[in-house]
Structures are given as C-alpha cells and as structure tokens.
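Structure, as structure tokens:
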C-alpha cells in the first residue's frame with residue numbers, strides 16, 4: 001500500500017515488475033549504438049577475406065548468385081573449397097540478392113588464396129594472410145571489397161547476438177518470462193527460419 005512516506009521511492013517507475021526506468025533506458029540504448037559503431041568499424045577496416053571463414057561464406061553467396069540453385073552439400077574434402085556450402089540457404093540467398101550484382105565472377109582471381117598461409121595458427125610469425133592482396137587496387141579488387149562490405153553489414157545486422165537480438169527483448173527478466181504471455185522475438189523467429 002502506498003502512502004506519502006514512500007511515494008518518492010516509486011516516482012518515475014510504472015510499478016510493474018521488470019519495467020525499466022527512463023534513465024536506465026538511455027544507458028541501455030548505448031549498447032546497440034556501441035554495437036553499430038564496432039560493426040561499422042569491422043565492415044570498413046578489415047581487409048578482404050581476412051576474417052574467419054569469410055572466403056567460404058562469400059563463395060556460397062557467389063554460388064547462389066551465379067548458379068541460381070542450391071549447392072551440393074559436399075563439394076570437396078578440402079576445407080577451403082568446401083567452405084560453408086552446408087549451411088541453411090536463407091541468409092546466403094539474401095546476401096546473393098544484395099551482393100551479387102556488385103561483384104564480378106573474377107573475385108577469386110582478384111584475391112587468390114595464399115598457399116603458404118598459416119591459417120588458424122595465431123602464434124606463427126609471418127604469413128598470416130589468407131589471400132594475396134595486390135599492391136595497387138584494381139577495379140576487380142575494389143568491386144569485391146565493396147561487395148564484401150555490404151555482405152559484412154548484412155552479417156552484423158543479421159547475427160543472432162546482433163542488433164535484432166538486442167531489440168527483441170530476448171533477455172527479458174525471469175519475472176517477465178513467467179508472468180506475461182509468450183511473445184515471438186525477432187531472434188527466435190530468425191533462428192526458426194534458419195533451421
């Protein structure tokens with residue numbers, strides 16, 4: 001029961017369990033903003049094909065765009081050639097629609113594989129690049145780099161722990177989860193579509 005003595009304690013709140021005060025909401029909004037800044041830095045500054053598995057993911061996108069069909073599940077026993085062809089196709093199909101027209105089929109020649117790379121061995125000195133980067137950019141390398149930026153931006157926005165997950169309320173308090181009706185979050189919908 002509220003009386004005048006403890007009215008100051010509840011001022012600014014809604015009185016419902018699990019609700020966030022306006023001052024706390026401002027701080028929570030910093031999380032997606034920081035995520036977008038870090039994601040934009042990653043998209044812009046990372047050299048082409050120098051993130052884990054990027055070559056395989058991009059090969060899947062290019063395959064869908066060029067062949068207009070799903071790839072076989074098994075392409076090669078070599079990890080570099082197999083890539084990510086075993087993954088569910090929804091994300092990659094969206095990537096093919098966005099990235100396909102931006103790049104040419106010369107993307108593999110523009111960034112050939114570094115046969116001497118020490119991939120997956122971070123403590124190895126020297127030769128860590130997955131692909132060979134040209135000294136002077138060509139039109140093909142620039143087109144591939146721009147297509148990769150679009151693909152990376154899609155990845156940042158799509159990622160399960162990314163912006164859709166933060167905005168979905170998937171980390172609701174235990175009180176909210178038990179008392180309220182079940183809601184389909186963006187992350188849950190995303191995961192169910194991908195499986």
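Among the residues making up segment 110-122, those that are over 16 Å from residue 51 (Cα atoms) and exposed (fewer than 11 other Cβ atoms within 10 Å of the Cβ) are 115, 116.
When residue 174 is tested against (1) closer than 21 Å to residue 61 by Cα; (2) out of contact with any helix residue (DSSP H, G or I) (no Cβ under 6 Å at 6 or more places or on another chain); (3) at pLDDT below 90, only condition (1) is not met.
Of everything listed in (1) in a loop (DSSP other than H, G, I, E, B); (2) modelled with pLDDT of 90 or more, the single unmet condition for residue 73 is (2).
Scan segment 92-105 and give yes if some residue there is more than 24 Å from the chain's Cα centre (by Cα), within 22 Å of residue 45 (Cα to Cα), touching a residue at least 12 places away in the same chain (Cβ under 8 Å) and surrounded by 12 or more Cβ atoms within 10 Å (Cβ to Cβ), otherwise no. No - not one qualifying residue is present in segment 92-105.
Within segment 106-144, the set of residues being touching a residue at least 60 places away in the same chain (Cβ under 8 Å) and touching a strand residue (DSSP E or B) at 6+ places or on another chain (Cβ under 8 Å) comprises 111, 130, 131.
The values are calculated or read from the model by the stated rules, or taken from the named source; none is laboratory data. All figures in this text were calculated on a predicted structure; none of them were measured in a lab. So basically every Cβ, Gly included, is an ideal-geometry build from the backbone, and we count neighbours across all protein chains shown.
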